[in-house]
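**Q** Sharing a structure below in structure tokens format, with a few things to ask.
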Amino acid sequence: MFIDYARIKVKGGKGGNGCCSFRREKFVPFGGPNGGDGGKGGDVIVIGDKNLNTLLNYKYKKHFSGCKANHGQGSNKTGHSGRDTILKVPLGTEIFELNQDGTRIVKLTDISNHDEKIVLAKGGKGGRGNSAFATPTNQTPRKVEEGLSGEEKYLELVLKLIADVGLVGFPNAGKSTLISHISSAHPKIADYEFTTLEPCLGVVQIDIKNIFIIADIPGIIEGAHLGKGLGIQFLKHIERTKVLLFLIDITSKNIIKKFEILKNELHLYSQDLDRRKFLIVLNKIDLLSDNVKQTKIEKIKKNFPKDIRKNVISISAVTGENLSELKNRVQQILQQRD
Ligand SMILES: Nc1nc2c(ncn2[C@@H]2O[C@H](COP(=O)(O)OP(=O)(O)OP(=O)(O)O)[C@@H](O)[C@H]2O)c(=O)[nH]1
Ligand SMILES: [Mg+2]
């Protein structure tokens with residue numbers, strides 16, 4: 001199950017108490033204090049894991065605590081520290097600290113690398129044992145400290161997948177077919193709308209040195225920003241991309257309008273996304289007969305404003321026609337300096 005949002009509570013483990021003890025040995029009368037300090041409570045630590053792609057681990061279990069530390073012991077033995085609790089999250093997870101009422105206070109981190117980690121809630125310090133309180137005037141202190149409680153935080157986890165290229169299009173345009181042909185991904189493909197219900201990433205291999213990651217998301221329709229269809233909730237997964245591919249079925253009516261609708265839905269979601277580099281990919285050219293194919297493609301291209309005409313490319317995700325050219329053009333854009 002793909003989960004891209006979770007709210008959890010984290011708490012560091014409690015520190016161990018300091019120990020009150022005195023050295024008691026044969027022939028050593030009045031042995032001094034030897035109560036050790038309590039150990040430190042375990043931290044709650046988040047760590048990025050490239051093998052994960054969902055926050056499912058945080059859908060049901062919501063509370064995570066570091067382990068309690070052991071108390072100090074006689075003979076100046078410090079208690080064992082509590083074990084840390086490790087929370088693994090997929091790359092692209094943003095973590096916000098929340099007030100108790102659920103409003104955001106601050107962004108704590110944005111985990112984008114494998115093994116990247118930060119402490120979310122520190123474990124409590126151990127209390128000092130009585131040997132720490134011995135002074136020249138009080139050589140038999142009975143004072144000890146209690147271990148401190150760990151930090152406690154309410155957190156929001158938001159996953160925004162990390163990909164280089166995002167696929168945007170109406171349902172049925174062939175987005176999943178395309179990603180399954182050019183990458184390692186195998187999403188469900190079917191001849192009905194909203195086949196794709198959750199985002200999917202695929203790795204596209206250009207050559208030995210060059211790869212890029214492409215994201216397939218559920219289809220967008222007019223009014224998606226108002227919640228129509230599956231809404232625009234999935235657009236966050238293409239927010240971090242560098243290039244967008246607007247995929248449009250070449251046999252559909254009013255292609256320019258379709259492109260404008262898609263652009264507008266993106267614009268209403270985020271102006272930043274609206275400014276992203278893009279290609280307009282006309283798909284399903286295998287459905288056009290050979291004698292009209294080229295003229296139709298040229299005619300459609302001409303209908304686009306001059307400045308974006310050069311961004312139009314036509315392909316067939318099913319037969320593979322022009323897919324190498326598409327991959328190369330994407331790669332060229334990715335290599336451009338911003
Ligand atoms: N003839 C032809 N059919 C295609 C092509 N690409 C996709 N299709 C068909 O179009 C239908 C929809 O394909 P999908 O890849 O599921 O479309 P999608 O854009 O992912 O759709 P949603 O997940 O609903 O948004 C399927 O029946 C595909 O076989 C193409 O290049 N040529
Ligand atoms: Mg799909």
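**Q** Working carefully through the options 310, 299, 284, 327, find the one that is modelled with pLDDT of 90 or more, in contact with a Gly (Cβ under 7 Å, 6 or more places away or on another chain) and in the same structural domain as residue 257 (by TED's automatic domain parsing).
**A** Unique residue meeting the criteria: 284.
**Q** A further question follows. Which condition breaks for residue 109 when tested against (1) out of contact with any Phe, Trp or Tyr (no Cβ under 6 Å at 6 or more places or on another chain); (2) open to solvent by 30 Å² or more (accessible area, probe 1.4 Å)?
**A** Every condition holds for residue 109 apart from (2).
**Q** Of the residues in segment 75-108, how many are modelled with pLDDT of 95 or more and either acidic (Asp, Glu) or touching a helix residue (DSSP H, G or I) at 6+ places or on another chain (Cβ under 6 Å) (or both)?
**A** Counting residues in segment 75-108 that are modelled with pLDDT of 95 or more and either acidic (Asp, Glu) or touching a helix residue (DSSP H, G or I) at 6+ places or on another chain (Cβ under 6 Å) (or both) gives 3.
**Q** Does residue 138 qualify as being more than 16 Å from ligand 1 (Cβ to nearest atom) and free of Cβ contacts under 8 Å to residues at least 60 places away in the same chain?
**A** The answer is yes for residue 138.
**Q** Quick check on my filter: what residues within segment 318-332 are more than 16 Å from ligand 1 (Cβ to nearest atom) and surrounded by fewer than 17 Cβ atoms within 10 Å (Cβ to Cβ)?
**A** Result: 328, 332.
**Q** Examine segment 322-336 for a residue that is closer than 19 Å to residue 169 by Cβ, without any contact (Cβ under 8 Å) to a residue 24 or more places away in the chain and not aromatic (Phe, Trp, Tyr), and state whether such a residue exists.
**A** Yes, the conditions are met somewhere in segment 322-336.
**Q** Would you please name the residue that is farthest from ligand 1 (Cβ to nearest atom), looking only at residues in segment 227-245 that are free of Cβ contacts under 8 Å to residues at least 12 places away in the same chain and more than 18 Å from the chain's Cα centre (by Cα)?
**A** 227
**Q** Exactly one of these conditions fails for residue 75: (1) at negative phi; (2) among the small types (Gly, Ala, Ser); (3) open to solvent by 40 Å² or more (accessible area, probe 1.4 Å). Give me its number.
**A** Residue 75 satisfies all of (1) at negative phi; (2) among the small types (Gly, Ala, Ser); (3) open to solvent by 40 Å² or more (accessible area, probe 1.4 Å) except (1).
**Q** Quick one: in segment 169-226, which of the residues that are of a type in the set (Val, Ile, Thr) and more than 27 Å from residue 55 (Cβ to Cβ) is farthest from ligand 1 (Cβ to nearest atom)?
**A** My answer is 208.
**Q** Right, another one. Considering only segment 250-263, I want to know if a residue exists there that is farther than 28 Å from residue 335 by Cβ, within 16 Å of ligand 2 (Cβ to nearest atom) and in contact with a Gly (Cβ under 9 Å, 6 or more places away or on another chain).
**A** no
**Q** With the checklist (1) within 30 Å of residue 198 (Cα to Cα); (2) touching a residue at least 12 places away in the same chain (Cβ under 8 Å) in hand, flag the one item residue 51 doesn't pass.
**A** Residue 51 satisfies every listed condition except (2).
**Q** Where in segment 227-305 are the helices (runs of 4 or more DSSP H), entirely inside, with at least 2 residues that are open to solvent by 10 Å² or more (accessible area, probe 1.4 Å), in contact with a helix residue (DSSP H, G or I) (Cβ under 9 Å, 6 or more places away or on another chain) and over 14 Å from residue 166 (Cβ atoms)?
**A** Ranges flagged: 255-269, 290-303.
The values are calculated or read from the model by the stated rules, or taken from the named source; none is laboratory data. For clarity, every value in this text was computed on a predicted model and none was experimentally measured. So basically every Cβ, Gly included, is an ideal-geometry build from the backbone, and we count neighbours across all protein chains shown. With ligands, DNA and RNA removed, areas are computed over all heavy atoms of the protein, side chains included. Shrake-Rupley method; radii C 1.70, N 1.55, O 1.52, S 1.80 Å.
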